[in-house]
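Single-structure report; data block below.
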Amino acid sequence: MILNVIGWFLIYFGAVFLFLGALGIVRFPDVYNRLQAGTKCTTLGAFSAIIGVGILHPAWLAKTFIIALFILLTNPISSHALGRASYRSGVKLWEKSVVDKCKEFAECVEERNE
Amino acid sequence: MSWYIAIGIITIGVILTLIRALKGPTPADRMVAVDSMTTITTALLVLLGLYFKRYIYLDIALVYAVLAFVATLAVARYMEGGL
Amino acid sequence: MSSLILILSAILVIFMIVGAIVTIHARDLLVAIIASAIVDLVLAVLFYILQAPDVAITQASIMGGLTTAIFLVAIKKTERYEQ
């Protein structure tokens, strides 16, 4: 009974977070904001929903744990690769963004080399 | 009844990311939307596996989670100039 | 098959058609590759809903991961924009 309640709570928690991440994908103004919304929210949401299914049906717990572990490993790698690739391929920041740490770091390295 | 609400919420998420993936201005936007679409779809496949009550359906979610990552990484390497 | 699953598969079919149209009309070939990857990944979900798990695994692995990488190598060797 208590496992049932915990499982359903985790599934709904994950579903709401997945929906909010998708809303951020549609509503945010540029690539980097969309990357942040679409990666953090969906990682937490998918992890929570999949572990919730495993708790609700305890014979499936091992395989759901493996799927959640794969998501937890591969999602930050792909988001990091996409962010670096879109910065280096020349995608502009939004015009109201105020800080660009990557550009500051490149200028600092240039000054030190001179 | 509660199945309908959970699967419906996640389905709306898949639809929103697909809209951004088909509409986005630059290719980086589309690829970000496809990346989060695969993560949301993995959760949807696991939930549908519990809905259909088949243990073998979890394998598809595993393969989906691993191999969509390869496509995202390949496109990212191409945009960076490598590959 | 309940009505929720029927509505879900109808929405997925609509998005597959829109993705195929985007694939045909895109001038940038990277956009065309991403749109065809969307069509393949959605088609894997559709095979899953139609209860064919082995076909869905093959579709997600071959078309989702491998074909995208091979097309990327092809447009890396030739050129990206269609004139």
request  = For chain A, find the longest principal axis of its Cα atoms and tell me its angle to the long axis of helix A:31-56, 0 to 90°, nearest 10.
outcome  = 20
task = Would you mind computing the Rg to Rh ratio of the protein assembly as shown from its alpha-carbon coordinates, Kirkwood style for Rh?
result = 0.99
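Over both sides of the B-C contact, add up the buried accessible area with a 1.4 Å probe and give it to the nearest 100 Å². Mind dumping the intermediate values first?
Values: alone 6180 and 5980 Å², together 8800 Å².
Separately minus together, B and C give about 3400 Å² buried.
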remark   = With Cα coordinates, the longest principal axis of chain B makes an angle with the long axis of helix B:27-52, in degrees rounded to 10, of 20
query = Where a ≥ b ≥ c are the square roots of the eigenvalues of the C-alpha gyration tensor, would you call the range C:3-77 rounded, which needs a/c under 1.5, or, failing that, prolate if a/b is larger than b/c, or oblate?
reply = oblate
remark   = Using alpha-carbon positions, the gyration tensor of the range B:2-79 gives root eigenvalues a ≥ b ≥ c; with a/c under 1.5 called rounded, otherwise prolate if a/b exceeds b/c, else oblate, the class is oblate
query = If one takes the longest principal axis of the Cα atoms in chain A, at what angle in degrees, from 0 to 90 and to the nearest 10, does the Cα axis of helix A:101-113 lie?
reply = 40
query = When the helices in chain A are scored as -39500 (n - 2.57) per DSSP H run of 4 or longer and the sum is shared across all residues, what 222 nm value do you end up with, to the nearest 500 deg cm²/dmol?
reply = -28500 deg cm²/dmol
key: Protein accessible area in chain A, 1.4 Å probe - carbon and sulfur %   = 68
key: the range A:49-78 and the range A:1-37: distance between their alpha carbon centers, rounded to Å   = 15
note = Taking R0 as 45 Å and r as the Cβ-Cβ distance between residue C:54 and residue A:109, the FRET efficiency 1/(1 + (r/R0)^6), rounded to the nearest 0.05, comes to 0.30
remark   = Whole-percent carbon and sulfur contribution to the accessible surface of the range B:2-79 (1.4 Å, no ligands, DNA or RNA) stands at 70
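Under a 1.4 angstrom probe, counting protein chains only, how are A:41, A:108 ranked by accessible area, largest first?
Working: A:41 35, A:108 70 Å².
Ranked from most to least accessible, the order is A:108, A:41.
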request  = Kindly report, to the nearest 10 Å², the accessible surface of residue C:63 as traced by a 1.4 Å probe over protein heavy atoms only.
outcome  = 70
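The values are calculated or read from the model by the stated rules, or taken from the named source; none is laboratory data. Bear in mind the structure is a predicted one, so any value in this text is a computation, not a measurement. We place every Cβ from the backbone using ideal geometry, glycine too, and count neighbours over all the protein chains shown. Ligands, DNA and RNA are excluded from the accessible area calculation, which covers all protein heavy atoms including side chains. Shrake-Rupley method; radii C 1.70, N 1.55, O 1.52, S 1.80 Å.
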